[in-house]
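First the structure, in the form of structure tokens, and then the observations on it.
The values are calculated or read from the model by the stated rules, or taken from the named source; none is laboratory data. Bear in mind that the values here come from a model prediction, so they are computed numbers and not experimental data. Cβ placement follows ideal geometry from the backbone for every residue including glycine, while neighbour counts extend to all protein chains displayed. The protein model used for the area step is the full one, side chains on, heavy atoms only, and it has no ligands, DNA or RNA in it. Shrake-Rupley method; radii C 1.70, N 1.55, O 1.52, S 1.80 Å.
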Amino acid sequence: MSDISVLEQTLNNRNWKLVCSNLLANMLSEFMYEEIISPIEIETNYQTSIFDLPIDKNLSYQFKGKRRLFDSYKVLPDSIKRIRNGTTTYACDPFQFILDTYNLVGITEKTVSGLIKELSNTALADMHIVAKTKELDFDKILSQPFYLESQVEGHPRIIFNKGRLGFDYNDYLAYAPEQKQKQRIFWVALNPQKAETFTVDNTDYNNFVFGEITESKLDSFILELKKQVTNYKGYYLLPVHEWQWYNHIIPLFAADIYNRDIVPLGFSSDYYLPQQSIRTLTNITKIYKKHIKLPLTILNTSLYRGIPRFQTFIAPLVTNWLKNIQSNDPFLKENCRLILLGEVASAYYKNSYFSQLDKVPYQYNEMLGCIWRESIFSKLSANETPIPMSMLAQRSISNINYISILISRSGLNPKDWIKMLFKTMLPPILHYLYKYGIIFTPHGQNVILVVDDYVPSRIAIKDFADDTAIVNFQLPELGSLPSDLDIFLPRRSPDHLCRHLLSDLCLSQFWYLFELLESYYDYSEHFFWYQMRQEILRYQYCFPELNERFRMFDLLKSKFFKLCLNRKRLFNYGYEDYSERPHTFTYGQVNNALNEVAEHHSK
Ligand SMILES: Nc1ncnc2c1ncn2[C@@H]1O[C@H](COP(=O)(O)OP(=O)(O)OP(=O)(O)O)[C@@H](O)[C@H]1O
Ligand SMILES: [Mg+2]
């Protein structure tokens with residue numbers, strides 16, 4: 001089908017209105033949560049309030065919204081009105097909303113322009129998702145579970161969650177996960193004098209990589225390498241994302257290609273599907289083979305999706321360390337049966353020119369490298385299915401409620417299923433925090449729920465080199481931390497670790513999961529968070545010896561600092577280039593529902 005006919009089918013009136021009014025409603029909800037706007041509550045009924053947002057003397061917005069725990073709001077898309085000079089119109093234009101409000105909230109015009117680009121890409125992607133929804137067949141997806149990663153709709157708290165700045169429309173159709181297009185990777189050989197490689201057991205990187213390539217392909221690559229380089233022995237083989245190869249490696253590493261430090265070898269014979277992070281690819285020709293995390297120099301959500309050298313260096317080290325902790329801890333190993341998707345090998349090649357500049361934008365030093373990650377499919381038994389948590393906890397513009405399908409097939413009632421979910425998901429994450437002072441970043445994209453006959457049975461966690469942090473005390477349990485790793489892993493205060501954990505679990509996942517449960521089962525909000533709280537208390541009851549840690553890492557305290565993912569782009573970073581990777585920002589505090597529900601139930 002041509003691009004034009006895809007567009008014609010996608011950009012129709014129904015899709016446009018649905019997507020844009022949802023986007024506008026999400027924007028209002030998230031802006032209220034992050035205190036970017038402060039509309040006035042002018043009428044309150046039992047569950048729903050009417051809010052008024054005056055912009056100037058001639059312009060205001062009015063809408064209905066539900067107040068939620070965690071100081072959050074659910075704005076109802078069909079209720080939003082724009083009132084200009086006394087004339088009221090139904091509002092479903094998120095771009096106009098930004099243009100109407102940027103002066104009021106204090107966003108610069110430069111940032112507004114970038115934001116409109118990201119929002120437009122997001123809306124276009126959402127329209128493609130909605131247009132494809134009618135083709136969905138859950139059983140078909142479950143029978144080929146590598147497609148599950150294509151069903152997700154992006155980070156629910158970030159309004160520009162499919163910005164992908166750098167992709168043109170053809171790139172979008174070819175490489176965005178929701179497009180489900182299989183792709184091949186491009187292989188190069190790297191001069192070992194210039195490249196670095198790392199493996200979990202310090203074995204030879206090429207030995208590992210040779211096992212990932214079919215024999216005939218490997219023979220043809222070696223033949224090609226011999227043709228190009230006399231002294232070819234020891235050259236490392238590296239996969240490169242096709243888009244990255246054409247857009248950044250050929251143009252920006254031309255001198256290295258000319259010098260034969262980078263030798264192009266050709267495309268893979270295996271096919272890959274992009275996961276929801278776009279740049280990590282699943283081998284679908286051989287699903288047990290490693291997943292490949294690659295640099296893709298596009299700005300998506302919080303940063304350019306590159307791979308810095310330090311991540312390639314620590315990936316095998318952190319994998320080894322976390323897995324050792326698990327194998328020596330019977331609770332993690334036998335009770336939780338936690339799956340850690342190890343980052344077992346990695347490679348990095350620095351750009352000879354950009355790397356000599358102190359203040360070069362960080363993305364220029366993150367363009368060529370790779371992290372090899374264990375495949376979830378190599379870890380499961382026959383009746384287990386891996387469900388990305390983000391699939392269960394999304395805003396669901398496509399109006400598909402996967403969770404209700406799982407619950408009804410499990411034979412459990414919704415309350416018991418949710419109890420099982422918390423019981424499965426929380427203990428391993430709590431145990432790493434309370435006992436070892438370690439957190440991962442367990443947002444919906446980094447956690448996979450494994451269901452056995454549709455019932456939650458265990459979880460898999462990924463993304464260690466990028467997303468592991470440790471407490472800034474010398475806990476005795478951190479004694480096994482290798483000194484090489486100690487230098488690189490971020491050390492954070494207990495408060496910092498707790499707010500990250502609560503944000504990733506509660507605000508970026510469970511909050512949205514609850515929304516779906518409410519719409520489908522009329523689930524009680526207080527009961528939902530009470531169930532989560534009970535699971536934390538149950539864990540604490542089982543480990544009285546960690547009592548002091550429960551005070552140190554107080555997940556149940558009344559307030560915590562609020563992480564603001566949209567503010568960060570709108571006010572802190574905009575679309576400037578920076579030499580350091582962006583970090584997180586907080587604004588104000590948020591009331592902790594896990595604390596509030598305790599009072600509710602004791603009344
Ligand atoms: N529900 C979701 N929650 C968080 N991120 C999501 C979600 N859906 C899609 N994403 C995308 O996934 C990426 C998450 O960022 P993160 O740094 O955890 O992953 P990564 O390091 O790029 O890749 P990987 O997790 O494959 O190693 C971002 O590009 C984000 O936009
Ligand atoms: Mg991730």
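None of LEU273, LEU338, LEU303, LEU317 is within 15 Å of ligand 2 (Cβ to nearest atom) and not aromatic (Phe, Trp, Tyr) except LEU303. Being in contact with a helix residue (DSSP H, G or I) (Cβ under 8 Å, 6 or more places away or on another chain) and buried (at least 18 other Cβ atoms within 10 Å of the Cβ) is not true of ASN26. The set of residues from segment 279-293 being away from ligand 2 (no atom under 13 Å from the Cβ) and open to solvent by less than 10 Å² (accessible area, probe 1.4 Å) comprises LEU281, THR282, ASN283, ILE292. In the condition set (1) within 30 Å of HIS128 (Cβ to Cβ); (2) out of contact with any strand residue (DSSP E or B) (no Cβ under 7 Å at 6 or more places or on another chain); (3) of a type outside the set (Val, Ile, Thr), TYR46 is compliant with all but (1). Listed conditions (1) open to solvent by 50 Å² or more (accessible area, probe 1.4 Å); (2) away from ligand 1 (no atom under 13 Å from the Cβ); (3) more than 24 Å from LEU380 (Cβ to Cβ) are all met by GLN244, apart from (1).
Of all residues in segment 394-405, none are touching a Ser or Thr at 6+ places or on another chain (Cβ under 9 Å) and surrounded by 23 or more Cβ atoms within 10 Å (Cβ to Cβ). Against the conditions (1) in contact with a Pro (Cβ under 6 Å, 6 or more places away or on another chain); (2) open to solvent by less than 30 Å² (accessible area, probe 1.4 Å); (3) more than 16 Å from ligand 1 (Cβ to nearest atom), MET420 satisfies every one except (2).
What number of residues within segment 452-472 satisfy the criterion of being within 17 Å of PHE510 (Cβ to Cβ) and away from ligand 1 (no atom under 16 Å from the Cβ)?
1
Only one entry in GLY86, GLY106 is touching a residue at least 60 places away in the same chain (Cβ under 8 Å), at positive phi and open to solvent by 10 Å² or more (accessible area, probe 1.4 Å), namely GLY106. For segment 247-275, a tally of residues being open to solvent by less than 40 Å² (accessible area, probe 1.4 Å) and closer than 16 Å to GLN144 by Cα returns 4. Residues in segment 434-456: is at least one assigned to a helix (DSSP H, G or I), open to solvent by 10 Å² or more (accessible area, probe 1.4 Å) and away from ligand 2 (no atom under 16 Å from the Cβ)? Yes, segment 434-456 contains at least one residue that is assigned to a helix (DSSP H, G or I), open to solvent by 10 Å² or more (accessible area, probe 1.4 Å) and away from ligand 2 (no atom under 16 Å from the Cβ). For segment 365-378, the criterion of being open to solvent by 10 Å² or more (accessible area, probe 1.4 Å), farther than 30 Å from ASP577 by Cα, of a type in the set (Asp, Glu) and assigned to a loop (DSSP other than H, G, I, E, B) is met by at least one residue.
When residues in segment 471-491 are screened for being assigned to a helix (DSSP H, G or I) and out of contact with any helix residue (DSSP H, G or I) (no Cβ under 8 Å at 6 or more places or on another chain), 5 of them pass.
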